[in-house]
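The values are calculated or read from the model by the stated rules, or taken from the named source; none is laboratory data. All values reported here derive from a predicted model rather than from experimental measurement. Every residue, glycine among them, receives a Cβ derived from its backbone with ideal geometry; neighbour counts consider all protein chains shown. Ligands, DNA and RNA are excluded from the accessible area calculation, which covers all protein heavy atoms including side chains. Shrake-Rupley method; radii C 1.70, N 1.55, O 1.52, S 1.80 Å.
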Amino acid sequence: SISDVETVREGHQSEVLQSVAEEFPPERCFTIVFYGRRGNLDLVAGSAEEAQCWVQGLRQLIEPRSFPLTFALVSCTWIRDWFQKADKNKDGRMNFKEVQRLLKMMNVDMNEDHALRLFQDADKSESGTLEGEEFVLFYKALTQREEVLSLFQEYSEDGKKLTLLELADFLREEQLENEGTEELAMELIDKYEPSETARARHVLSADGFLMYLCSLEGSIFNPQHRGLWQDMSQPLCHYFISSSHNTYLIEDQIRGHSSIEGYIRALKRGCRCLEVDCWDGPNGEPMVYHGHTFTSKIPFREVVSTLGKYAFKVRHPAQLLGVLGGPRWVRVHGSGGAVVLRLTQRLMQQDWSHCREEGGGLGMLPPTSTALAALTCPGSRAPGLGECWWMVLPSGETQHGSALQKDKETLAQALSDCVIYCKNVPFRGFQEARSHSRPSEISSLSEAKARKLIRDEGNEFVRHNAWQLTRIYPSGMRTDSSNYSPQEMWNVGCQIVALNFQTAGMEMDLCDGLFSQNGCCGYVLKPPFMRDEETLFNPSDPSSREGPGPITLTIQVISGQQLPKVANSKEGAIIDPLVRVEIYGVPADQAHQETKYIENNGFNPRWDETLQFQLHVPELALIRFVVEDYDKTSRNDFVGQFTLAFANIKPGYRHIHLLSKDGTSIPPSSLFVHIRITE
């Protein structure tokens, strides 16, 4: 399906096509990239003209359109896809038996008499089959949203339309839009009302009302927070920074595959801190892989070339500030003698310089930049930088060997010139850090070490992170590339919480949820009480937070729409969905509640259940909505999820557009909820 295609890349932009670059010219090559973890499709056309035909044609089909058109297009595509699946004899018509099979495929367990009544109502030609517009009528009857219609009629005097003033009343009373509601109502009518006549009369039909509720403006995610909305001029240590661990790996840590795809995927997810583990390779060429393991290797030049192409695909105003536009850190290891070391360094410097040219500077702004000076001091240069020649963000995982110590003096000046942000230092306690360290320094801690500090010295940890950078990395025991929860590290203000981006699950859902705001730039400003060097805040004691008291979050889970089937389920199986709401934050706020399950209905389940939570530190809270298929004999199966920071929630009647396990959208699957926030 075209909906599975994420993007199309031209030329030799995959490892496979790079390996046959001499055989096939770049103008005939292109790569189709799919959402999720599905492999890429590398293709070679017969001519450059044929390649362009494919590339441009595919891009026309997948390029982003306005949200209302996307919603309509998704519905249209979804209807067509289901029709084609159910039309077994491919005659372009559907008899009642085929319709019954279709309902099973669509997660609907419907009474046969009711299904026959809908079928006959849609069969305007009385031919005993549905075709074209008749099937669309059947689909519309099937997807009738009674809960939305009753809400619409509650504010509509005649039950058929919302006038401008009636829509403004709804926006003010239910959606808590307090400013310019009449102007907003006019905008929504112009944007979502499908009838030209109704638009001219400034009224909204029931179809237009549903279109609005399913749009970005009707989403639970505050649309004003999708763009860059935070202050981006503060010191680097005042931000949470999207960070990955061993970015080059796309599988496990011992025998896994290393690939430039790891970098591309991480960058597209908004990652701002990447790892490039560089080791001596054949003929002095530096190679990137997980040292002392059996992981595959990729040339350093391919990695930096990829960074140059993808690091600044989306430019934000933050990138003009010299630090928040995406400084990247690199660590380097060496195993050979001085000659090999110098050769490796020279090649690295050449590759890096080329990368800087391709990537518009790769975030390397002059050390004299006012913004950079406010963030970190540039630090010393060679030869004084010898002890950290691996460049800025070494792992702290004690992988560098005594080859390094012996050849300190061999650090090439040109390579040293690439290091302008900060310097790694071992962590020897908060007292020593406060008395000797500088803001231009960073310490790396294992997850276990960080947990001990959180437990024993929570407030000191928060204070430390108000003025100095801390990086957390996964335990070496996580050879399967599993992840720890980043929330406990964010609770004490750790900025660079490195995760294995290749592993789907709750941990990456939290990461995506936090960094989906602020233009997806990879930087999120910490709350004020975590930026104060004299703060009293300790996550284990919520009362230490300065500010108003706890708030109550009330969530009415109303209904679900067109939920996907569980992967690898039996043919004809229909899910029994339930919704679980999970709160992640300081220990006192950690909680979860769930609805009852609805038997045999993944198409339009109705729960109408209310869940309530108290949040003591809402500034740090993340809310995760999870849909599961209930199983009384074994573990429930995952269906979909959506995670966002509490600060980004819009109250009122909202749709939650669900994501798959690996964080990609699964339209038109959604939840319909009502959100209320009270102090």
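Points to keep in mind about this one:
- Within region 558-639, the percentage of alpha carbon pairs spaced more than 15 angstrom apart rounds to 59%.
- Student exercise, region 139-276 dipole from Lys, Arg, Asp, Glu Cβ charges, in Debye to nearest 20: 840 debye
- With θ taken as phi - 60° and the Karplus curve 6.51 cos²θ - 1.76 cosθ + 1.60 applied, the whole-hertz 3J(HN,Hα) list for region 140-149 is 5, 5, 5, 9, 4, 9, 4, 5, 6, 4 Hz, x standing for glycine and proline.
- For region 71-143: rounded, prolate or oblate by the Cα gyration tensor [a/c cutoff 1.5]: rounded
- Extension gain, residue 438-residue 403: 0.36 nm per intervening residue step, less the Cα-Cα distance, totals 9.8 nm.
- Calculated from the alpha-carbon coordinates, region 447-518 shows an Rg and a Dmax of 12.4, 34 Å respectively.
- In a DSSP loop and with at most 14 other Cβ atoms within 10 Å, the GluC sites (Glu not before Pro) in region 177-259 are 179.
- Environment charge of residue 294, counting only residues whose C-beta is closer than 15 Å and scoring Lys/Arg +1, Asp/Glu -1: -2
- Computed accessible area, residue 611, all protein chains, 1.4 angstrom probe, square angstrom: 10 Å²
- Put the Cα centre of region 508-580 next to the Cα centre of region 1-67 and the gap is 35 Å.
- Surface exposure of region 617-667, expressed per residue as accessible area with a 1.4 Å probe, stands at 36 Å².
- Loop-located trypsin sites (Lys or Arg not before Pro) in region 562-595, at most 11 other Cβ atoms within 10 Å (DSSP): 570
- Multiplying the residue separation of residue 53 and residue 475 by 0.36 nm and removing their Cα-Cα distance gives an extension gain of 147.1 nm.
- Sites listed here are GluC sites (Glu not before Pro) in region 596-665 whose DSSP assignment is loop and whose Cβ has at most 13 other Cβ atoms within 10 Å: 599.
- About the Cα centre, charge dipole magnitude for region 2-62 (Lys/Arg +1, Asp/Glu -1 at Cβ), debye: 280 debye
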